[in-house]
Amino acid sequence: MIFRAPGRVNLIGEHTDYNQGFVLPIALHLETRVEARPATGGVLQVHSASRREMKAWAVESIRHREPQHDWSDYVIGVARELIAAGFEIPALALHIESTIPEGAGLSSSAALEVATALALLQGREFDRLELARLCQRAESNFVGMPCGIMDQYVSIFASEHAALKIDCRSLESESVRLPDHVAILAVNSMVKHNLGQSAYRTRVRECAEAFRGSLRDATLDQIRGNKHARHVVTENQRVLSFVEAASAGDLTRMGELFLESHASMRDDYEISCAEIDFLVDTAKNIPGCYGARMTGGGFGGCTVNLVSPEYVPDFTRAILRAYPQAQVIECVPAGGASVCG
Ligand code: GLA
């Protein structure tokens, strides 16, 4: 059987998920596929096509494994969480393939976790929300990245042709239709600063310390003087305003909110970098572009851009002229994880 799980691009609501706030991602057609075949000898065997590497572990030993700080941590992290949840890991040979660029902020890790979890479950019943939480735990407990729930959640629950507004407190979500007359383009800066993981961890800690309770409930008055907390409070409001603007088909307002979100990540939350700022500044001056912002954890990765469809070829050319190493990816909202044969 083959199981697939998509990557994502977050439209707006950055670093709000671990503050119990709102996010608005879409799933991508870029995805990770895990093919599972029965194996013998009580062994879990995993082959990564992109790494051209094969690893194998005795199923019995999985609960005692230590992180190796490579791609296999996602697989073992998920397997260990499934064991902790009472599931037995079958002897399987897994083959992993992915079209999601790694380290681009498009959630290749969450897609790998979700597709692996489905493959290890082999069609056995499992609550989908619990599955999202389990994959999030795998990433924070075993991989060591204390992420929020957005990436795993959207990889499981996304619906085609719509964005997903997730309330990261209640963990409820709703589909948000985007105006028809707009293209969503991700522009990969190809930059991946090592700073990412440690800065992420620092921001998570700072946010927890900034306010008694969660920043979801804070007002600007209550966190005055703390610019990192201010980003979270204003960003949450921007998600709600963006959803309103999208429902009204107000592309100009949606674009403004993108630019405000980027300025807030750059100046208040301090998670942007020169290459990304350059891409956003370039994009906003290209005809047909409503707005641009960094998407994902920060310090590199991709920008996301709202562009009038007839301007897509010109926009792409202008970006590549200004920043030749960029990769432009057209994003059409895809459906969540599934079995595909
Ligand atoms: C990473 C994390 C998410 C979220 C974003 C920032 O993608 O995995 O949980 O915090 O960064 O919005």
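Coordinate-derived values only; no laboratory data. From a predicted model like this one, the values you see are computed outputs, not experimental measurements. Positions of Cβ are backbone-derived with ideal geometry, glycine not excepted, and every protein chain shown enters the neighbour counts.
One table, with the values for the structure above:
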| read-out | value |
| --- | --- |
| The range 1-148, relative contact order [Cα under 8 Å, separation at least 6], % | 30 percent |
| Choice from Pro146, Pro324, Pro101 with maximal GNM fluctuation in the chain (Cα, 10 Å cutoff) | Pro324 |
| The range 90-216: equivalent-ellipsoid semi-axes (sqrt of 5 x gyration tensor eigenvalues, Cα, Å) | 24, 21, 19 |
| Three semi-axes of the equivalent ellipsoid, the chain, Cα gyration tensor, whole Å, largest first | 33, 23, 18 |
| Sparse-neighbourhood loop sites, GluC sites (Glu not before Pro) in the range 215-317 - DSSP loop, at most 16 other Cβ within 10 angstrom | Glu270 |
| Prolate/oblate/rounded call for the range 177-331, Cα gyration tensor, a/c under 1.5 rounded | oblate |
| Fully extended contour minus Cα-Cα distance, from Met190 to Arg51, at 0.36 nm per residue | 48.2 nm |
| Sequence-separation-based contact order of the chain, relative, with Cα cut under 8 Å and 6+ spacing, percent | 26 percent |
| Selection from Tyr153, Val75, Gln20 lying farthest towards where the dipole of the range 2-175 points positive, charges on Cβ | Val75 |
| Overall form of the range 156-232 per C-alpha gyration tensor (a/c, 1.5; a/b vs b/c) | oblate |
| Dipole in debye (nearest 20) - the range 163-216, about Cα centre, beta carbon charges: Lys, Arg +1; Asp, Glu -1 | 260 debye |
| Stretch gain in nm, segment Ser61-Thr252, where the contour uses 0.36 nm per residue and the Cα spacing is subtracted | 63.2 nm |
| Inter-part distance where the range 171-228 and the range 1-78 are each reduced to a Cα centre, Å | 23 Å |
| Rounded to the nearest 20 debye, dipole of the range 148-284 from Cβ charges on Lys, Arg, Asp, Glu | 400 debye |
| Between helix 312-322 and the chain: long-axis angle, C-alpha atoms, 0 to 90°, nearest 10 | 90 degrees |
| Dipole-positive endmost among Ala246, Ser272, Ser198 within the range 177-331 (Cβ charges, Cα centre) | Ser198 |
| Which of Val233, Thr316, Ala263, positive extreme of dipole for the range 203-336 (C-beta unit charges) | Val233 |
| DSSP-assigned coil residues among trypsin sites (Lys or Arg not before Pro) in the range 70-128, each with at most 12 further Cβ atoms within 10 Å | Arg124 |
| Candidates per GluC sites (Glu not before Pro) in the range 120-159, loop by DSSP, up to 11 other Cβ within 10 Å | Glu125 |
| Extension gain (nm, one decimal) between Arg212 and Glu125, 0.36 nm per residue minus Cα-Cα | 27.5 nm |
| Point-charge dipole on Cβ atoms (K/R +1, D/E -1) for the chain, about Cα centre, debye to 20 | 440 debye |
| P(r) of the range 1-101 over all Cα-Cα pairs, binned every 10 Å from zero, in whole percent | 13, 37, 32, 16, 2 |
| ³J(HN,Hα) computed for each position of the range 282-299 - Karplus, 6.51 cos²θ - 1.76 cosθ + 1.60, integer Hz, glycine/proline x | 5, 4, 5, 9, 8, x, x, 9, 7, x, 8, 7, 6, 10, x, x, x, 6 |
